[in-house]
Amino acid sequence: MKRNIIKQLAFCGCLVLSFVFAACEDYLTILPTNQIVEEDFWQDRRDLENMVASCYKRLITSDIMTKYIVCGEMRGDNFCMSNGNNNEDTENLMNANLLPSSNTFAWEPLYNEINYCNKVLSHGSIIVERDASFSEGDWTPIKAEMMTLRAFTHFLLVRSWGEIPYVTIDYNNNSQNFAIRQSTQQAVLDSIIMDLEYAKEYAMNDYGKTVWNKGRITKNAVYALLADVYLWRASKNTSPDSIAKYGNQYLEDYQKCIDCCDWIINDLLEERVESLNKNGKVLGGVKIEDLNIEDLLIPNEEQLDNKFTTSVGAHKAIFGTGNSNESIFELQFDGTNNANSTVTSYYAGLSDEGTGSLACTENMFNSIDLNPNVFVPTCVFTKTDYRRWETLKYIKADQTEYPCGKFCASSITQYNGSTSSSAFTDNSASNFHVTNTVRSSPCAANWIVYRLSDIFLMKAEALGQLAESEDSLFEAFTLCRHIFKRSNPYAYASSNKTAKDDSLHFDVFNSKEGIEYLVMAERQREFVGEGKRWFDLVRYAQRHGSTQQMLRNFLGRKYSENRNAIFAKMNEMSSLFFPVQEKEMKINKDLHQNPVWTEDESLKRSDEVEK
């Protein structure tokens, strides 16, 4: 436990981060200083800011970036192993062979991040006493910032492992007791929520620069994370067994999720009104009630000569340029000092032929649905959906697999190249023409933690689960339609003779079950590769109190071989969570193992489950 769960910070004989917040590159750049022992380090605000910088710096290191993909994507139905990938750990993970001996399940990088946050939290008041230029008012928003980063890391851990040690003290030396018991999922979520409820009152609204407002924790970022945690706890406690234990807490949590999302939406509307009035773009001025929430979404280009292009649309703003108006919190990469090599390693490289270790599953690219109003379809995208080609990297006509190109392209141009709109019914990339503008430098794609689409769809999910009235169901449907319509402009175009079949219909989804499925489908289309899909599937399973519907409706589309054996291994709810790495078990005798995973797990088990 001393070396694996929370490694001590090596202040003696280490390099300490320099943190000046002068620009994005500055606070994400390691600069060497003299060797410093910890007790002499915490002297003034500069020392504190150095450690705040280190907390952000750690979040973009490759060992933690890998966790976002391994924990959030690899077990889901978006990805399979690429043809050239022979990594045994990845193969085991894909085939539901979760071996406690694997380094995949090391949680040391995440607990190191928590330790960094705890160090700042434990020394802030000391700096207030020692540095006359650093007041309690200066410290309070930083405290909220660190509590949020700590909560963010604990939330990743609890969604991945289920029961984890919840750590709020910093560790400095080997004499301290590192043997911390695991807390239940409920207890961890309760603690996270308590921290975030505090943080949302004191976090910064505006740092004065866009890169800081998107790259550091703001009040909107706290509300987004809090909405996510409330949604997770509500889903966990929706099953009959949980209701018997926690009562109506799930109903309150769904409403709190909605409230958090509304706070962000209203804040962004106010920001848009202020911007429009400041620039004088609307004669006579504009009020918040003059705007529709759909106005907050970055549009794709309008139809022009039977062509739809997205070269200057949402994809370029969100993933190409980065820090868009829709961004709430994203980890910053500049491609030089900080290159996001992790996404190119797993997804797609910068060259035309570049393929990562993962490829999109067949239901992503083998076929398309001609109608989006289908429950439990065999594939993901419909014929008019831009996101299919924004997600999949088309290289050449005879390619046998499609890597995820979302992060390697700075812009994507896609359009119907024929003189009629009928090419949208054609499934080939040669007719539905695609041109990727690949990044010229090592990957500078930011990793987006929360953006506006997430807020819309979290609110829709909570509204659908409450299902208080047809009006609330329609509001949930409308939020999903806003996201769908942005990426399917042709489906709603007056020139489209099949618009009735191409657009979403409320009468298909006007039930609790209908909205639940629509949200799941829209989240998959919108967030491929962004580290969210597996958690969506787990949240869905927890809500239903069983893995069976999740396996049949979603994950089953991924497997053509060993399907029944894999399903049998995922029959228990606890199988959705990782095992505790055996190294941790040896060091900390107070830890207990997830009971479904043992060292000799294999695919030999042949138990049948319902297909």
What ranking of His505, His592, His123 comes out by heavy-atom accessible area, probe 1.4 Å, highest first? His592, His505, His123
In terms of the Cα gyration tensor, with a ≥ b ≥ c the square roots of its eigenvalues, is segment 66-217 rounded because a/c is under 1.5, prolate because a/b exceeds b/c, or oblate? prolate
Once you have the Cα-Cα distance between Ile298 and Asp369, take 0.36 nm times their residue separation minus that, and quote the gain in nm to one decimal. 23.0 nm
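Using the beta-carbon distance between Gln593 and Thr168 and R0 = 25 Å, what value does 1/(1 + (r/R0)^6) give for FRET efficiency, to the nearest 0.05?
The pair Gln593/Thr168 has a calculated efficiency of 0.55.
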By the C-alpha gyration tensor axes a ≥ b ≥ c (rounded if a/c is under 1.5, else prolate when a/b exceeds b/c, else oblate), the shape of segment 521-576 is oblate
Heavy-atom accessible area of Thr184 with all protein chains present, probe 1.4 Å, nearest 10 Å²? 70 Å²
Can you pull the accessible area of Ser472 for me, 1.4 Å probe, Å² to the nearest 10? 10 Å²
Top to bottom by accessible area (1.4 Å), largest first, where do Val438, Val580 land? Val438, Val580
Inter-site label distance for Lys512 and Asp398 at 7 Å from Cα along Cβ, in nm: 5.4 nm
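The values are calculated or read from the model by the stated rules, or taken from the named source; none is laboratory data. No experiment lies behind these values; they were computed from the predicted model shown. No Cβ is skipped: glycine too gets one built from the backbone with ideal geometry, and neighbour counts run over all protein chains shown. Just the protein is used for accessible areas: all its heavy atoms, side chains included, with ligands, DNA and RNA removed. Shrake-Rupley method; radii C 1.70, N 1.55, O 1.52, S 1.80 Å.
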